[in-house]
Amino acid sequence: MDWKGYTVIYVVLFAFATAQAVVEFAGLVESAYWIAFAVIMVLSVIKAVGVAAYYQHLRWEPRAVTYLVVGGTVAALALTGAAAYSIL
Amino acid sequence: MSHDHGLPPKSSVSRWFLTTNHKDIGVLYLITALFFLVFGGVLALLFRLELITPGADLLGQMGYNQAVSTHGLLMVFWFISPFAFGFANYLVPLQIGADDLAFPRLNALSYWLYLFSGLLMGVSFFQGTTFAGGWTMYAPLNTPAYIPGEGLGATSVVLALIMFTAAVTLGSVNFLTTMYRMRAEGLRMRDIPIFSLSINLTVWMMLFAFAALLAALMILASDHILGTTYFQYSIDGTTMATDADNPGASLLWAHLFWFFGHPEVYIVFFPALGVMAECFQTFTGRRLVGRKWFIISMVLVAIQSFVVWMHHMFLTGINLPIKTIFMATTIGISLPFDLMVFSLIYTMAKGRVRFTTPFLFSLGALILFIIGGITGVFLGAIVLDYQFRGTYWVVAHFHYVMVAGATALFGGLYYWYPKITGKMYNERLGQIQFGVYFLGFNLLYFPMFIAWETPRRVFVYPESLQIWHSMATVGGFILGASFLLMFYNLFVSLWRGEDAGDNPWAYATSAEWAVSSPPPLENFPGVPSYATGKLEFLDDETVAERTERASGAGHGHAATDGGTAADGGAVTTRAAATATAMEPAHETAGEEHASHASFWPFLVSLGGFVTFLGLSGVRTGSVVYLSMAAIGGLVTFGSLFGMTREPFHAPEMAIAERWPFSSVEKMKLGMWTFLASDIVLFGAFIGSYAFVRVAYGWTAWHHDLIPAEHVTMPGLINTYLLLTSSFLVVLAMVAAERESKRGTVAALVGTFALGVGFLINKGLEWQHLFHIHSEAFPNGWNLSTNIASSTFYLTTGLHGAHVTIGLIICAYMAVRAWNGAYQGDDRAIEYFGLYWHFVDIVWLFLFPLFYIL
């Protein structure tokens, strides 16, 4: 990827970060917490995938590297999700 | 020859401080682990003496609690796994056809961190008292407020465990990189010897499980040293009577600990399973029956091991649906084990058994494991667990499992002793030792099933059970005595034993038996290859030809995972290298120039030991402890820098089997593997935050516990700074590719400046929050104020520490770029970038969770 491609990714990441703050500044966190929660977390996930895929070049690595990363992520999510569910 | 590598002979003490060779490190692991076996074993004998009568009249109450806790910690952490990894270090490279591990200095560092972590454990006894709350270290008994006295010894134990976990993580990264980048040509993953395969799955589990433990321990260390309040109940004036502001404290520890703890059972047992399978194959003269299904079963267990942890928590307040799910997964995990057990039994039935000492120990281990496994199923059933939890049933069960694993490993010691020493042990004495060992084991642990109503970890019990406890104590001493026989046998055989030759065992086929005993420093007389279906050692010329052919094909190396490789097999040696052998082949094959000596791993670990010992007492304000922390920190940092500057050559193999990471260079694979572990570390921190917040009430949290002064803007600014710094790192790569020195330096300096800006912004924000004076928070909002402040400062602090480490690396690289490095080769910048972008990604989640939501 050349510098132009990296720049486009950067602009998108910057805009998404701003959008997350705007969700709060607009009062959505106070008025509709769980909608705001979903929007903000989805934006974070998109940003993280963007950084991993393009800045860390996962798109161009063998798929096994992605599985490695997904493995760690699934382990962390399993711990978080199951532990939190256990006390609901 | 060894002098050519800067390594003194084995008779020299200095060799053992310098060596990075995997076989030397393996021997060091084995000896050190046996030392900790004796340490933990003597403690066990002491409390078994205590238990002859139902009262604390020998060790005293606190002495008993310390002995029991330390025994558990030493045996689980400092003996069994490191003992297995002694074999793994020695044998995995030999079995897969590598000349060493991928990162030899990192391997030495793992060992020294392990040794010094054990020493820190020992030192903790001299800091008043050591940790006495049981090996599971349940909260809140693991926090200073619940520990008698100053509790410095307990803090040292927590720090020793952190040091040990660091060693394990480095080891996991090293073994995985080695096994995926350095297998002999033609050796498919599924065809590597079963012991190495068991180690492969073990290190996968270690990579993820120990990261969760590291998170738990770092949080606990923070509770001890920094004053956060994750695992303790609210501080109400001078009392700690209520749990009003942190209802999740105890359960959080249980979740984190057992998310690690249950995979740990298999981490301990899998290498033993590998040893058993090797010994069964060799001493029955049969290939493992159903080998493919045996392997599939191990893979299934390795995955399932991460979804059974809550069966350790059936008696806590977790809800019934989750208990039911975990009961099902727990019963489910016994099924693949059934298959493995039947595979071993059938292998025995189909073969012609030779009852040598290694086989006897392997068979004994199988019998003990069957008993341990069946009695464990009881504990996986919720209703039965209600009755058995916290009793000697559990103690007996897990000793039948864990010590069954150790039994197989002792078999492994006899099995590979001739390979490691070149000498044969006394077979008759070995068989006698097995008899004494097996008798002592069962006399020690079986009565515990009968006396199961004895409460666990308590020195009082009903007098009617005394006979069983007396039997157990006698059994314990017989078991202990059996080791005297083993040590005598192995020690004396070093001098009096017959020469073992290359392969003293008929039907042993894995590659370590194809070389001399002990093997030479470089392991093989040529480059190992299974390309023809049997083990061959290629000369340099053939290697050069194949390398060229592979390069011509556009791969750069043999990258396929095809072929019909064998689990060992016949050995042929191609013509020896001649004077015409090509230099480039030497270079790439690494046969002539690999380094084997470095003093820095020892020094880094020594510095770490002094640092941690200092940290254990800094909360007292003692100048001695503060000085140790500072000096130790300097030694560690200086040694790491020295290690970076040291010329050390650990070349990639010219031809190797590398599926599924064929195009991922070893440094990059090492970095990715480390990052996978770091994902779990941060995941566990974020998971802890989510858990205590759910326990408190997710939406009430923000209103009750967080001051109005904690606003979004500092987080948003830091998000911009980090995103921009990530962008600059990729620009540095682009500039390096274009050989623009000025561009590379500018981008790296920009990255550094933005990272520093991030830390300054964070520092200003923290200062502000520490000193707010509102009605709700009249004394500021600091680490100890409440659980929300603890999670905020510690999680973002861990991230800040990652940023700081990144900045040190970035500054180093900027200076190197200024001196002309990286031009036309951006790989180093890319590897740094992988880390830096990961730090960026973590922040992308911390920002919304800690600043907006």
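Determine the relative contact order of chain B: mean sequence separation of Cα pairs under 8 Å and six or more apart, normalised by residue count, in whole percent.
It comes to 15 percent, rounded to a whole number.
Which one of B:Thr724, B:Pro193, B:Ala145 is farthest out on the positive end of the charge dipole of the protein assembly as shown, using unit charges on Cβ (Lys, Arg +1; Asp, Glu -1) and the Cα centre as origin?
Projecting each Cα onto the dipole axis, the largest value belongs to B:Pro193.
Please report the equivalent ellipsoid semi-axes of segment B:10-97, computed as sqrt(5 x eigenvalue) of the Cα gyration tensor, largest first, in whole Å.
Semi-axis lengths for segment B:10-97 are 36, 13, 8 Å.
How do B:His703, B:His255 rank by accessible surface area computed with a 1.4 Å probe, from largest to smallest?
B:His703, B:His255
Count, for each residue of B:514-523, the Cβ atoms from other chains sitting within 10 Å of its Cβ, then give me the mean as a whole number.
0
In debye to the nearest 20, how big a dipole does chain A give about its Cα centre with +1 on each Lys and Arg Cβ and -1 on each Asp and Glu Cβ?
The dipole of chain A has a size of about 240 debye.
May I ask you to compute the full-extension gain from B:Arg738 to B:Ile345, defined as 0.36 nm times their residue separation minus their alpha-carbon distance, rounded to one decimal in nm?
Fully extending the segment from B:Arg738 to B:Ile345 adds 135.2 nm.
How much of the accessible area of chain B, probe 1.4 Å, is carbon plus sulfur, in whole percent?
68 percent
Which whole-percent values make up P(r) of chain B when all C-alpha to C-alpha distances are grouped in 10 Å steps starting at zero?
Bins of 10 Å from zero give 2, 12, 21, 25, 21, 13, 5, 1, 0 percent of pairs.
What FRET efficiency do you get for B:Ser622 and B:Thr316 if R0 is 30 Å and r is their Cβ-Cβ distance, rounded to the nearest 0.05?
Computed FRET efficiency for B:Ser622 and B:Thr316: 0.20.
B:Met713 to B:Glu463: FRET efficiency via 1/(1 + (r/R0)^6), r the Cβ-Cβ distance, R0 51 Å, to the nearest 0.05?
So the FRET efficiency works out to roughly 0.15.
Rounded, prolate or oblate: which fits segment B:291-341, taking a ≥ b ≥ c as square roots of the Cα gyration tensor eigenvalues, rounded meaning a/c under 1.5, else prolate when a/b beats b/c?
Taking the square roots of the gyration eigenvalues as a ≥ b ≥ c, segment B:291-341 is prolate.
Before rounding to the nearest 500, sum -39500 (n - 2.57) across all DSSP H runs of length at least 4 in chain A and divide by the residue total; then give [θ] at 222 nm in deg cm²/dmol.
Roughly -26500 deg cm²/dmol at 222 nm, from the helical runs in chain A.
Distance in nm between label sites at B:Gln823 and B:Ala801, each 7 Å beyond Cα in the beta-carbon direction?
Label at B:Gln823, label at B:Ala801, 3.9 nm between them.
Of all accessible surface on segment A:1-56 at a 1.4 Å probe, what whole percent is carbon and sulfur?
After summing per-atom areas, the C and S share lands at 79 percent.
Checking an interface number: how much accessible area is buried between A and B, summed over both chains, with a 1.4 Å probe, in Å² rounded to 100?
4800 Å²
Taking segment B:315-370 on its own, what percent of its Cα-Cα pair distances exceed 17 Å?
55 percent
Can you check what the Kirkwood hydrodynamic radius comes to for segment B:85-162, Cα pairs only, in Å to one decimal?
The answer is 14.6 Å.
Can you work out the accessible area per residue across segment B:166-290, with the rest of the protein chains kept in place, probe 1.4 Å, in square angstrom?
Spelled out: the 1.4 Å probe surface of segment B:166-290, per residue, equals 19 Å².
So for each of B:780-786, B:818-824, A:62-68 I average, over its residues, the number of other beta carbons within 10 Å; can you give me the resulting order with the highest mean first?
B:780-786, A:62-68, B:818-824
Charges on Cβ only, +1 for Lys and Arg, -1 for Asp and Glu, centred on the Cα centroid of segment B:393-486; of B:Phe446, B:Gly412, B:Ser482, which one is farthest towards the dipole's positive end?
B:Gly412
For B:Ile809 paired with B:Trp16, estimate the spin-label separation in nm (one decimal), with each label point 7 Å from Cα along the Cα-to-Cβ line.
Going by the 7 Å Cα→Cβ label model, 3.4 nm.
Once the principal axes of the Cα atoms of segment B:436-540 are found, what is the range along each, listed largest first in whole angstroms?
Taking max minus min along each principal axis of the Cα atoms, segment B:436-540 gives 73, 35, 24 Å.
Ignoring ligands, DNA and RNA, how do B:Met402, B:Met313 rank by accessible area with a 1.4 Å probe, largest first?
The residues order as B:Met402, B:Met313, largest area first.
Using the alpha-carbon centroid of each, what span in Å lies between segment A:23-41 and segment B:625-685?
40 Å
Show B:His224, B:His71 ordered by accessible area, largest first, where the area counts protein heavy atoms only and the probe is 1.4 Å.
These residues rank, largest area first, as B:His71, B:His224.
Over segment B:700-853, what per residue volume does the convex hull of the Cα atoms give, in whole Å³?
87 Å³
If one puts a single equal scatterer on every Cα of the protein assembly as shown and applies the Debye formula without solvent, what log₁₀ I(q)/I(0) results at q = 0.06 Å⁻¹?
Values, matching the q order: -0.43.
From largest to smallest, what semi-axes in whole angstrom does segment B:172-291 give when each is the square root of 5 times an eigenvalue of its alpha carbon gyration tensor?
In descending order, the three semi-axes are 45, 16, 9 Å.
Mean separation of Cα pairs under 8 Å and 6+ residues apart, divided by the residue count of segment B:717-809: what relative contact order is that in percent?
Computed value for segment B:717-809: 22 percent relative contact order.
Answer rounded, prolate or oblate for chain A, using the Cα gyration tensor with square roots of eigenvalues a ≥ b ≥ c: rounded when a/c is under 1.5, else prolate when a/b is larger than b/c, else oblate.
Cα axes put chain A in the oblate bin.
Starting from the Cα of B:Lys292, step 7 Å along the direction of its Cβ; do the same at B:Val492; then give the gap between the two resulting points in nm.
Simple spin-label model gives 4.9 nm for this pair.
Over chain A, average the accessible area per residue using a 1.4 Å probe and give it in Å², no decimals.
49 Å²
Between segment B:755-819 and segment B:32-55, how far is it from one alpha carbon centroid to the other, in angstrom?
If you average the Cα positions of each part, the centres end up 45 Å apart.
If you build the convex hull over the alpha carbons only and average its shadow over all orientations, what do you get for segment B:789-853? Give it in nm² to one decimal.
With every direction weighted equally, the projected area is 4.8 nm².
Using just the helices of chain B, give the 222 nm mean residue ellipticity in deg cm²/dmol: DSSP H runs with n ≥ 4 each add -39,500 (n - 2.57), and the total is spread over all residues, rounded to 500.
The helix contribution divided over chain B gives -22500 deg cm²/dmol.
Write down the accessible area per residue of segment B:710-850 in Å², having rolled a 1.4 Å probe over the full set of protein chains.
Normalised by residue count, the accessible surface of segment B:710-850 is 36 Å².
Using only the Cα atoms of segment B:731-796, what are the Rg and Dmax in Å?
Calculated on Cα positions, Rg and Dmax stand at 19.2, 59 Å.
Computed on alpha carbon atoms, what radius of gyration and Dmax characterise segment B:606-670, expressed in Å?
Expressed in Å, the Cα Rg and Dmax of segment B:606-670 come to 19.4, 57.
Over chain A, what is the mean sequence separation of C-alpha contacts under 8 Å (at least six apart), divided by residue count, expressed as relative contact order in percent?
Computed value for chain A: 23 percent relative contact order.
Let me know the mean shielding of A:13-22 by other chains, meaning the per-residue number of their Cβ atoms within 10 Å of its Cβ.
Average neighbour count from other chains, rounded to a whole number: 5.
Determine how many Å³ per residue the convex hull of the Cα atoms of segment B:721-763 encloses.
36 Å³
The values are calculated or read from the model by the stated rules, or taken from the named source; none is laboratory data. Source: prediction; values computed, not measured. Virtual Cβ from ideal backbone geometry, glycine too; neighbours counted across all protein chains shown. All accessible areas refer to the heavy atoms of the entire protein, side chains included, with ligands and DNA or RNA removed. Shrake-Rupley method; radii C 1.70, N 1.55, O 1.52, S 1.80 Å.
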